[in-house]
Structure formats: structure tokens, C-alpha cells
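Q: The structure that follows is given in the form of C-alpha cells.
The values are calculated or read from the model by the stated rules, or taken from the named source; none is laboratory data. Here the structure is a predicted model, which is why all the values come from computation and not from measurement. Cβ coordinates were reconstructed from backbone atoms using ideal geometry, including for glycine residues, and neighbour counts include every protein chain displayed.
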Amino acid sequence: MPPSRTSKLSREDRRVLLSSRIQEQGFVEDMPCSNCERQNIECRSSPNSNSCAECVRRGLSSCDLVVLPSTCEYFRFLPRSRY
Ligand SMILES: [Zn+2]
Ligand SMILES: [Zn+2]
């Protein structure tokens, strides 16, 4: 074990720290982002982060988790499927 690991945090360490903070403060999303959905794992996000905890931890910039203001707003963007 290294004698001291206080000062130097690698980028990875920082990601892990941020991710665990999101895990603690965040909440489980009803609709997981596609990364979590693909892995079938819990998708947690916090209001302070655009990415979910898992995507932060893995250093993915492609978290497509969208926090929607309201469901009404969401349905407005759905294409009308009338055949
Ligand atoms: Zn996710
Ligand atoms: Zn994500």
C-alpha cells in the first residue's frame, strides 16, 4: 500500500469521486440513459450533473439522459404517428 495518496488525484480518481457523489446525492431515473439501459443497470443522476453516475465513472461523454421539465413537453416532440 502506498504511504500517502492524498495529493495527486488522477483524472480517473476524480471521475470515480464525482460518480460516487452522484450515487449518493442523486436519484434513480425512471428512464435510464441508453448506456445504463444497455447494461441493464440502475441509472442514477443528480441535478448537478448532466451525466449519470455510471457514465461519469466510465468517462463517457455520450450520456443521453434527458431531464425533461414535464411530460407534456415531452409528448409535444413525439412524432404524430397517424397512418
Ligand atoms: Zn445512466
Ligand atoms: Zn448515462
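Q: Can you confirm whether region 31-44 contains a residue that is polar (S, T, N, Q), touching an Asp or Glu at 6+ places or on another chain (Cβ under 7 Å) and near ligand 1 (Cβ under 9 Å from one of its atoms)?
A: yes
Q: Another question, then. Could you grab me the full set of residues in region 51-79 that are closer than 16 Å to E29 by Cα, at pLDDT below 85 and not β-branched (V, I, T)?
A: Selection gives L68, P69, S70, Y74.
Q: Only one of (1) under 10 Å from the mean Cα position of the chain (by Cα); (2) modelled with pLDDT of 95 or more; (3) more than 10 Å from ligand 2 (Cβ to nearest atom) is not met by C36, so which one is it?
A: (3)
Rundown of residues vs (1) more than 10 Å from the chain's Cα centre (by Cα); (2) within 11 Å of ligand 2 (Cβ to nearest atom); (3) modelled with pLDDT under 95, yes/no style:
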{"residue": "E12", "(1), (2), (3)": "yes, no, yes"}
{"residue": "E24", "(1), (2), (3)": "yes, no, yes"}
{"residue": "N40", "(1), (2), (3)": "yes, no, no"}
{"residue": "S46", "(1), (2), (3)": "no, no, yes"}
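Q: Of everything in region 6-30 that's aliphatic (A, V, I, L, M) and assigned to a helix (DSSP H, G or I), which residue is farthest from ligand 1 (Cβ to nearest atom)?
A: Restricting to residues being aliphatic (A, V, I, L, M) and assigned to a helix (DSSP H, G or I), the top hit is L17.
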